[in-house]
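Coordinate-derived values only; no laboratory data. Please read these numbers as outputs of a predicted model, since none were measured by experiment. With ideal geometry, Cβ positions are generated from the backbone for all residues, glycine too; neighbour counts draw on all protein chains shown.
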Amino acid sequence: MAELEKTELKKLPPLTLALIITSFVLVVLFVFGILFPQYRQIETAKNDRISKAILLEEQKRLFPLFAQADALARLPFDPKLPFQERKPLDRNKITTLPKVFSAIALKHNMVFSQNTLDVSSLKSRSNSISMDIQFNGKLFDFRNCLISLAELPFFDRFEQIKISTDSNNIKKFTTKILITIDKNTL
């Protein structure tokens, strides 16, 4: 049977055989010349559409954050802290300072542990005294305590801030502040 087919192919006229081969070559050229580039274009368009859809989804998720950040950026920013007018504390009122510190601690969910007064500053004719104050609580509450301390009218400055944790995992915040007082008139 294979011999019969070979003989039949040999019986085809050369012009017909050339036309069949030319037609086959033209079909292959058509596929590679027109259809393959079209297929690649379709694949490229499909990949672009997928990447743009992914980008759109990302932007949909990020837009609320962007809108919030944009709104915050448009708010006017005043870098000054609201300080009161500074005036010295009367020497007779130094004993009331623990109550003031305790009230500040309670206001900011902290516990006022102790305070230590530098007695040598009271004996001299200095216009400021140094105090060590200790609070227990959380870090952000301590931050608010520091802001409240800085708002006191007789506050001068912070000299030292120390944060430690005891064995029970309780945070202790110790700060040394300077307080402006009336000069000793003796």
Site Lys183, offset 7 angstrom along Cα→Cβ, radius 15 Å on amide nitrogen, limited to region 125-159, gives 125-129
So for Asp118, Asp48, fewest C-beta neighbours within 10 Å to most, what's the order?
-> Asp48, Asp118
Under unit Cβ charges (Lys, Arg +1; Asp, Glu -1), what dipole magnitude, rounded to 20 debye, does the chain have relative to its Cα centre?
-> 680 debye
Charge dipole of the chain about the Cα centre (unit charges at C-beta), most positive-ward option of Leu26, Ser126, Gln160 = Ser126
Toward the positive end of the charge dipole of the chain, about the Cα centre and with charges on Cβ (Lys, Arg +1; Asp, Glu -1), which of His108, Pro88, Leu56 goes farthest?
-> Pro88
Helix 36-74 versus the longest principal axis of the chain: what is the Cα-based angle in degrees, 0 to 90, to the nearest 10?
-> 10 degrees
Environment charge at Thr165 (Cβ cut-off 11 Å; Lys +1, Arg +1, Asp -1, Glu -1) = +1
Cβ-based exposure ranking for Arg74, Arg143, in which fewest neighbours within 10 Å come first | Arg74, Arg143
How long is the gain from Asp70 to Thr165 if the chain were fully straight, where each residue apart is worth 0.36 nm and the alpha carbon distance is subtracted?
-> 30.3 nm
With -39,500 (n - 2.57) per DSSP H segment of 4 or more residues and division by the full residue count of the chain, the 222 nm estimate, nearest 500 deg cm²/dmol, is -17000 deg cm²/dmol
Crossing angle, helix 2-11 versus the chain [Cα axis fit, 0-90 degrees, rounded to tens] = 70 degrees
What is the distance in Å between the Cα centres of region 32-78 and region 107-186?
-> 54 Å
Classify region 12-74 as rounded, prolate or oblate, taking a ≥ b ≥ c as the square roots of the eigenvalues of its Cα gyration tensor: rounded when a/c is under 1.5, otherwise prolate if a/b is larger than b/c and oblate if not.
-> prolate
Out of (i) 17.5, 62; (ii) 42.9, 139; (iii) 15.7, 48, which label holds the value of Rg and Dmax of the Cα atoms in Å that was computed here?
-> (ii)
